[in-house]
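What follows draws every value from the coordinates through simple rules; no lab data is involved. Keep in mind the model is a prediction, meaning the values are calculated, not measured. Cβ atoms come from the backbone with ideal geometry, glycine included; neighbour counts cover every protein chain shown.
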Amino acid sequence: MTSYVPSDADAALFGNRFATAEVPSTTFPTSGMSPTDALRLVGEDIALEGDPARNLATFVTTWMEPQAQRIIAENLHRNFIDHAEYPRTAEIEQRCIRMLADLFNAPGETTGARTQGSSEAIMLGALSLKWNWRTRQAAAGKSTDRPNLVFGGDVHVVWEKFCRYFDVEPRIVPLSPGKYTIGPDDVAPHVDENTIGVAAVLGTTFTGHKDDVVGINDLLVRIKKERGLDVPLHVDGASGGFVWPFLYPDSPWDFRLEQVRSINVSGHKFGLVYPGIGWLIFREKSDLAPDLVFEENYLGKTDATFTLNFSTGSSMVLAQYYNLVRYGRDGYTYIMKNMQENARVLADKLEAMGRFEIIGREEEQLPLVAFRLSGDENFNEFDIAWQLSAERGWMVPAYTLPPNAQDVTIMRALVKETMSREHVDTLAHDIEDACATLTRKGGAHPSERAKIVTGPGH
Ligand SMILES: Cc1ncc(COP(=O)(O)O)c(C=O)c1O
């Protein structure tokens with residue numbers, strides 16, 4: 001049969017050239033296409049991806065209110081860095097920083113920055129740790145050759161990335177089976193005069209728990225008194241920074257603790273804003289290394305900025321401010337408690353199935369359920385992830401934990417704002433069905449296993 005090539009006139013009248021033609025993908029296109037064709041081309045491509053509403057792997061916001069979406073759509077053309085032209089946007093960034101410093105119990109006036117996400121905030125925060133350490137060492141006439149940073153194996157990969165990019169020795173405390181966070185006894189042997197800081201996680205990517213921030217703070221206070229080493233503590237609150245203040249307001253992890261000098265949080269996770277927005281907040285202005293700040297004369301106005309990139313949109317800053325004033329403490333607390341309640345119900349349902357162990361549900365935790373098979377089955381957690389996605393489109397990741405807990409496989413379902421009770425009931429039912437299918441067929445086929453996503457998501 002000869003191939004059918006529609007005329008341009010027919011394609012223009014009835015539809016889309018790319019209904020039958022291959023899409024441009026390798027060379028820079030010679031001629032363009034109509035806006036309708038371009039819209040359909042992109043739309044049809046991404047329609048083949050997963051549905052964000054069933055993505056329980058990601059911590060990142062997948063739904064915002066229509067009014068917030070309107071703010072985002074109406075401000076995409078406003079370059080955030082042009083403070084001279086858009087001074088109100090710059091002021092709104094500062095308001096968000098002050099509100100977050102207040103939420104994190106900063107003792108007085110402070111400083112911070114909007115970033116693209118927690119990764120940029122961590123790079124900047126850790127650079128500040130490094131440069132402040134260098135200044136301290138130089139003032140004491142000591143070597144600045146071998147900086148190190150102490151953190152647990154439960155951190156996000158960005159901490160190792162920082163160490164590699166910025167030439168700092170990573171001192172990583174390994175995990176072990178059954179122990180998925182770190183505390184003062186883990187940290188103590190690694191701290192010396194070349195330690196630029198210790199990083200603790202509030203809400204780990206792996207199980208949603210927190211490092212023993214109080215214990216690590218107490219250790220560092222003791223080291224300061226006994227050995228004269230003032231080692232700062234940075235809290236990676238990428239997810240937890242917008243959860244703990246509302247679910248566990250009496251549990252200290254923030255600037256209430258003396259050695260906590262800086263905190264990062266992702267606005268686009270439990271700050272409930274679309275990607276990408278993150279925040280870096282210092283305890284006091286003096287915690288920001290002065291060398292990080294650039295005085296720029298740009299478009300007629302001198303500005304003091306510290307960022308890794310320059311131009312970026314204003315929409316997410318404005319959307320963050322929208323959320324802060326729209327929800328306030330009461331609204332965030334209501335939303336977080338709803339998520340926590342639905343996570344509790346999901347954990348109960350999984351436990352009632354009799355084949356799963358829930359990980360650390362009695363501890364302070366992000367609104368999620370981390371679970372694993374408790375007994376011998378003829379299938380594993382990766383198979384469940386595969387079957388669930390094949391049968392119902394749910395994205396629930398299965399992954400192994402970092403060393404030395406690499407033999408432990410877990411699954412994790414985020415319970416976010418859009419995960420209603422009806423969704424929880426359906427998901428639990430679908431997990432039960434997936435397990436029933438796997439019992440019958442005896443695990444996933446090797447070709448299916450090869451397609452399983454094995455990372456923890458982010
Ligand atoms: C604990 C933790 N730190 C840092 C990050 C990186 O954050 P972002 O994606 O905002 O750059 C993540 C992302 O999941 C995280 O969970």
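With the condition kept exactly as written, say whether any residue in the range 390-402 is part of a helix (DSSP H, G or I) and crowded, with 23+ Cβ neighbours inside 10 Å. No: zero hits.
Specify the residue that is farthest from the chain's Cα centre (by Cα); the eligible residues are those in the range 43-57 that are loosely packed, with under 11 Cβ neighbours inside 10 Å and in a helix (DSSP H, G or I). Top of the filtered list is 43.
Just one of the listed residues (207, 181) is out of contact with any strand residue (DSSP E or B) (no Cβ under 6 Å at 6 or more places or on another chain) and hydroxyl-bearing (Ser, Thr, Tyr), namely 181.
Exactly one residue out of 409, 426 is polar (S, T, N, Q) and within 30 Å of residue 152 (Cα to Cα): that is 409. Output yes when any residue across the range 307-326 is free of Cβ contacts under 8 Å to residues at least 12 places away in the same chain, among the polar types (S, T, N, Q) and either surrounded by 19 or more Cβ atoms within 10 Å (Cβ to Cβ) or assigned to a strand (DSSP E or B) (or both), and no when none is. No, the range 307-326 contains no residue that is free of Cβ contacts under 8 Å to residues at least 12 places away in the same chain, among the polar types (S, T, N, Q) and either surrounded by 19 or more Cβ atoms within 10 Å (Cβ to Cβ) or assigned to a strand (DSSP E or B) (or both). Restricting 360, 375 to those that are outside any helix (DSSP H, G or I), surrounded by fewer than 19 Cβ atoms within 10 Å (Cβ to Cβ) and within 22 Å of the chain's Cα centre (by Cα) reduces the list to 360. Among the residues of this structure, residue 314 does not count as one that is under 20 Å from residue 340 (Cβ atoms), in contact with a helix residue (DSSP H, G or I) (Cβ under 6 Å, 6 or more places away or on another chain) and not hydrophobic (A, V, I, L, M, F, W, C). Within the range 273-295, the set of residues being acidic (Asp, Glu) and within 26 Å of residue 323 (Cα to Cα) comprises 284 only. Scanning the range 201-232 for residues that are surrounded by fewer than 16 Cβ atoms within 10 Å (Cβ to Cβ) and not in a helix (DSSP H, G or I) gives 228, 229, 230. Taken over the range 403-458, the criterion of being among the basic types (Lys, Arg), in a helix (DSSP H, G or I) and touching a residue at least 24 places away in the same chain (Cβ under 8 Å) is satisfied by 421, 449. For the range 267-291, a residue qualifies if it is surrounded by 17 or more Cβ atoms within 10 Å (Cβ to Cβ) and away from the ligand (no atom under 13 Å from the Cβ), and the qualifying residues are 272, 281, 282, 283, 287, 288, 289. When residues in the range 231-249 are screened for being touching a residue at least 60 places away in the same chain (Cβ under 8 Å) and either out of contact with any helix residue (DSSP H, G or I) (no Cβ under 9 Å at 6 or more places or on another chain) or more than 15 Å from the ligand (Cβ to nearest atom) (or both), 7 of them pass. For residue 198, the conditions (1) away from the ligand (no atom under 16 Å from the Cβ); (2) over 28 Å from residue 80 (Cβ atoms); (3) crowded, with 24+ Cβ neighbours inside 10 Å all hold with the exception of (1). Going by the structure shown, is residue 76 of a type in the set (A, V, I, L, M), loosely packed, with under 13 Cβ neighbours inside 10 Å and farther than 30 Å from residue 415 by Cβ? Spelling it out, residue 76 is indeed of a type in the set (A, V, I, L, M), loosely packed, with under 13 Cβ neighbours inside 10 Å and farther than 30 Å from residue 415 by Cβ.
Rundown of residues vs (1) away from the ligand (no atom under 16 Å from the Cβ); (2) not in a helix (DSSP H, G or I), yes/no style:
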residue	(1), (2)
81	yes, yes
90	yes, no
98	yes, no
110	yes, yes
122	no, no
129	no, no
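When 183, 153, 203 are checked against the criterion of being at negative phi and within 15 Å of the ligand (Cβ to nearest atom), a single residue qualifies: 153.
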